[in-house]
Amino acid sequence: MIQTVTGTPYWTGAAKIPSQYSYLAEDIECEIAVVGGGIAGALCAFQLQQAGIGTVLVDTGLFGFGSTGASSSILQYDIDYDLIGLKELIGVDKAVRAYRACIRGLDEIEKITKDLGANVGFTRRDSFYYSPSECGEDAMKKEYLLRRHHDFPVEYLDNVKAADRFSFRVEAGIYSTGLAGEIDPYRFTQALISDAVSIGMRAFENTSVEVVTPDLAGISLETSTHHTIRAKRMVNATGLSAAKEARGVAQPRTTFCVVTAPVAGFEGWHNRCIIRDNGSPYIYMRTLPDDRILIGGLDSRVINANGIFARVMNTPAILQRKYDMLENKLVSMMTDIDNILIEYRFSGTSGDTGDGLPYIGSRPGYPNVLYDICCGSNGIVFAQLGADIIRDLYLGGNATDMDLFSFNRL
Ligand SMILES: Cc1cc2nc3c(=O)[nH]c(=O)nc-3n(C[C@H](O)[C@H](O)[C@H](O)COP(=O)(O)OP(=O)(O)OC[C@H]3O[C@@H](n4cnc5c(N)ncnc54)[C@H](O)[C@@H]3O)c2cc1C
């Protein structure tokens, strides 16, 4: 199994494990087996079971302890590529559709959290995408005009307007109203699984799927516990493992995060909005329900979550340097917030697809398997879109926007 997390992430570190599930101790049959109990597998299994499809969910380890447990869990319509960047890659119609799909995913997640009735830390937020330097001003204005042209609720902030809202230097930025959110990824994953189990889903932890054998009637999964799951179809929601198996549709990318102790207030931070700069690599920030700050980013493709540099040199010092850079950046930006103390430092590896979009659906040559590879900085919103698509495909209907995320675009 690929290791995706190092350090103690805030979510899994601070929460008690709400429910534990046994390993698979017998041969079983079901309609659909979802492999991987991160947010992608949990949302997918939840949607399938809700639709009355007999579902089994399994994970090698504990549910929610993969990339999901380290996620910054910002839900947003902005994709890794800004709208102009994505337009250049896939054309304007598809790029706008991808942005709108993320808004739909966010709306659906909000609705699910209300229906679940559990405290999963969901809050709707505004977002601010900005350039700290003059050289980004032109590009930011063009990006704003394109978003406005396509009716996204955006406002352009020049350095004067921005100074009224933020304590840090902004040359130009786009303030989007109500198109972002934040959630606790671990509690959300757990709440989805617990709800689905309450309506008949079967869930097994510490159960690795080791051999997959499709045939004309369905698919057989042999597990590390020496039992077989027989299903009509399987969903591969194993995150980076699925990406690796699917011939590298996503390359590993490590993100570094620090979380502060609770702070007394958020002076100089308008509406506690989600903040992201246009750097490469970029830095982003969100607040937590207990008044902490999470700052993350500085992504690297050559340092994995263990601080192994280019898979050769074990260099914890590199990790520490990233955490120090994040802390210094936070202190230098949030000058009106006193006593910023860092309590959690961790990093996690997710995947980076060429266009920032997920890979969802079937793959030529792999019968009865549906892939749900939802990585990158919108992984959670993509996981919701993936769950809808997989449910609709299983039921034989047309799935909205599946062309955007299909393997055919490779
Ligand atoms: C540091 C960091 C910050 C991020 N920030 C954001 C953010 O702000 N917003 C956002 O939307 N996304 C963010 N992401 C991305 C998002 O968190 C991920 O895309 C998402 O969590 C992926 O979920 P997943 O279920 O696909 O993968 P995972 O959570 O990794 O789950 C896969 C599961 O599959 C299991 N598994 C693997 N192989 C097998 C097997 N053979 N048999 C059984 N089980 C198996 C693993 O044990 C694991 O639990 C971030 C990611 C990281 C690492």
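A few notes on this one:
- Between residue 222 and residue 100, the FRET efficiency estimated from the beta carbon spacing at R0 = 45 angstrom works out to 0.65.
- Folded to 0 to 90 degrees: helix 137-149 orientation relative to the chain principal axis, Cα: 60
- Pairwise centroid distance, computed over Cα atoms, of segment 205-240 with segment 9-51, Å: 14
- Calculated P(r) of the chain - Cα pairs past 29 Å, %: 42
- Modelled FRET efficiency - R0 56 Å, residue 215 with residue 261, Cβ distances, 0.05 increments: 0.50
- Length-normalised contact order for the chain - Cα pairs under 8 Å, 6+ apart - percent: 25
- Reducing segment 332-354 and segment 361-377 to their Cα centroids gives an inter-centroid distance of 31 Å.
- Charge context of residue 30, other residues only, Cβ under 14 angstrom, K/R +1, D/E -1: 0
- Taking 0.36 nm per residue of sequence separation and removing the Cα-Cα distance, the residue 163/residue 138 pair yields an extension gain of 7.1 nm.
- The label-point distance for residue 318 and residue 408, in a model that sets each label 7 Å from Cα toward Cβ, rounds to 4.0 nm.
- DSSP beta bridges in the chain [antiparallel fraction, %, rounded to 5]: 75
- Span from the segment 245-300 Cα centroid across to the segment 114-147 one, whole angstrom: 12
- Top of 321, 292, 202 by mean-square fluctuation, Gaussian network on the chain, Cα under 10 Å: 321
- The chain, helix-only ellipticity at 222 nm - DSSP H runs n ≥ 4, -39,500 (n - 2.57), divided by all residues, nearest 500: -9500 deg cm²/dmol
- GNM flexibility winner over the chain from 89, 106, 48 (Cα, springs under 10 Å): 89
- Max mean-square fluctuation residue, GNM over the chain, Cα-Cα springs under 10 Å, options 193, 340, 389: 340
- Portion, in percent, of the accessible area of segment 248-298 that falls on carbon or sulfur, probe 1.4 Å: 49
- For residue 200, net neighbour charge (Lys/Arg +1, Asp/Glu -1) across residues whose Cβ lies under 15 Å away: -2
The values are calculated or read from the model by the stated rules, or taken from the named source; none is laboratory data. Being a predicted model, the structure only gives us computed values, none of them experimental. All Cβ positions, even for glycine, are placed from backbone atoms using ideal geometry, and neighbour counts span all protein chains on display. Remember, those area values only see protein heavy atoms, side chains included, never the ligands or the DNA or RNA. Shrake-Rupley method; radii C 1.70, N 1.55, O 1.52, S 1.80 Å.
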